[in-house]
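Student: One structure, as structure tokens, below. Some questions next.
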Amino acid sequence: MNTSRTTFGVVGSGWRTEFYLRIAAALPDRFGVAGVVARRAERAKEIRERFGVPTFDTVDALLEDGSPDFVVTSVSWAANPGLVVELARRGVPVLSETPPAPDLDGMRALWDEVGESAVVEVAEQYPFLPEYAGRVAVCRSGLLGKVTSAHLSATQTYHSIAVLRTLLDVGFADAEVAGTAFTNRLQRGPDRDGWPDRDELVDAGQVIATLDFGDRLGVYDFTDGQWFHPLIGNRIVVRGERGEVIDDRLTYLPQDDPAAPVQTSFTRQQTGLGGDLEGFHLRALYAGDRRVYANPYAPARLPDEEIAIATCLTRMAERVAGDGQPAGGYSLADACQDHYLGLTVSEAVATGTRIRTTRQPWARD
């Protein structure tokens, strides 16, 4: 992984922007912030004071005075595609937030404008979260044999589908999609702002959907508020011809003795516990005695979410520093496909029908 320093700018000043600024502050040898476009004066002042980075009123000012190597677009769904097109036309590499456009027509129009002709990637962090990246590594190792199904309950549509497609390694294959919705009654949980002020029961919608790719099956399961709620735990099941993953448990049949299944667990090697004085960071993930993930940003004190976003930044930086060709990041085509499948899930649930997806212009063999 490239460790040379790169500078990026951010257009947008909302909650998500702060993730990028914290990462740059934690990894100053890798990332510098050329500036943030924040149109509200009070918010611009807050960003300057909290993070010590310059702010600008316009994209033009950021590009002229900040000279970033690439720009992160962290704006509303509606504003994002137009901003991506504007930057791409000016030859500026773009790392877009998710999703790249609100709907299918918007994604088709965006692809028609930039396609593969511009340097555009998308900051879809979920496949790069250490816990998921470690399980993807197990799938790619062949330990499970051919992976035939994956069930994920953790996050909403396009994020979850990005992980499912990666685990199943289905590329841009079409799928038959079906789904159902259910309303749970449960205790109100925390949100971005923390725990609620009062104790109350609320309705939380749940969607369960299947994405049948023919020889592989993805199962999507999400309940509103699940990201933060301690009563709605995350779950993952991955099954292959010779083994399976269920949450932190790995079971497989070894090649040398298929009649003696091996059962082991995923474990985190975390510093800063007990008498460990190495700081507080993730060092690695193991499946039994196999190291399946090594944190490239240790010893920086980053949570998993920011490790994953830093991976998006790093892969974008590698692409910009190289020949402009993809460097293992998450492409605009991938983002469009995952959001398209997510939109199809929503349509299937709303109509109560099974829907067969069709090949889109961004699909690759």
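The values are calculated or read from the model by the stated rules, or taken from the named source; none is laboratory data. Note that the coordinates shown come from a computational prediction; the quantities given were computed from them, not determined experimentally. Here the Cβ positions follow ideal geometry from the backbone for every residue, glycine too, while neighbour counts run over all protein chains shown. Protein only, heavy atoms only, side chains kept; ligands, DNA and RNA dropped before computing areas. Shrake-Rupley method; radii C 1.70, N 1.55, O 1.52, S 1.80 Å.
Student: For residues in segment 40-49 being within 24 Å of A123 (Cα to Cα) and touching a residue at least 24 places away in the same chain (Cβ under 8 Å), which is surrounded by the most Cβ atoms within 10 Å (Cβ to Cβ)?
Tutor: I47
So that you can scan it fast, the table gives a plain yes or no per residue for (1) part of a strand (DSSP E or B); (2) under 22 Å from R354 (Cβ atoms); (3) at pLDDT 95 or above:
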{"position": "Y158", "(1), (2), (3)": "no, yes, yes"}
{"position": "A173", "(1), (2), (3)": "no, yes, yes"}
{"position": "P196", "(1), (2), (3)": "no, no, no"}
{"position": "V219", "(1), (2), (3)": "yes, yes, yes"}
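Student: Tell me, yes or no, whether segment 304-314 has at least one residue that is open to solvent by 30 Å² or more (accessible area, probe 1.4 Å), in contact with a strand residue (DSSP E or B) (Cβ under 9 Å, 6 or more places away or on another chain) and farther than 26 Å from F70 by Cβ.
Tutor: Scanning segment 304-314 turns up no residue that is open to solvent by 30 Å² or more (accessible area, probe 1.4 Å), in contact with a strand residue (DSSP E or B) (Cβ under 9 Å, 6 or more places away or on another chain) and farther than 26 Å from F70 by Cβ.
Student: Look at D112 and say whether it is in contact (Cβ under 8 Å) with a residue 12 or more places away in the chain, of a type in the set (D, E, K, R) and either surrounded by fewer than 15 Cβ atoms within 10 Å (Cβ to Cβ) or not in a strand (DSSP E or B) (or both).
Tutor: yes
Student: If you scan segment 83-109, which residues turn out to be open to solvent by less than 40 Å² (accessible area, probe 1.4 Å) and part of a loop (DSSP other than H, G, I, E, B)?
Tutor: Scanning segment 83-109 gives V92, P93, E97, T98, P99, P100, A101.
Student: Now a separate question. List, please: which pairs have Cβ atoms under 6 Å, are six or more places apart or on different chains, and start with a residue in segment 216-244 that is of a type in the set (G, A, S) and open to solvent by less than 40 Å² (accessible area, probe 1.4 Å) and end with one that is modelled with pLDDT under 95 and part of a loop (DSSP other than H, G, I, E, B)?
Tutor: G225/G189
Student: Shifting gears a bit: Given (1) open to solvent by 10 Å² or more (accessible area, probe 1.4 Å); (2) more than 27 Å from R30 (Cα to Cα), identify the lone condition not met by A118.
Tutor: (2)
Student: Need a quick list: strands (runs of 3 or more DSSP E) entirely within segment 255-309 having at least 3 residues that are without any contact (Cβ under 8 Å) to a residue 24 or more places away in the chain and over 30 Å from E121 (Cα atoms).
Tutor: Correct list: 262-270.
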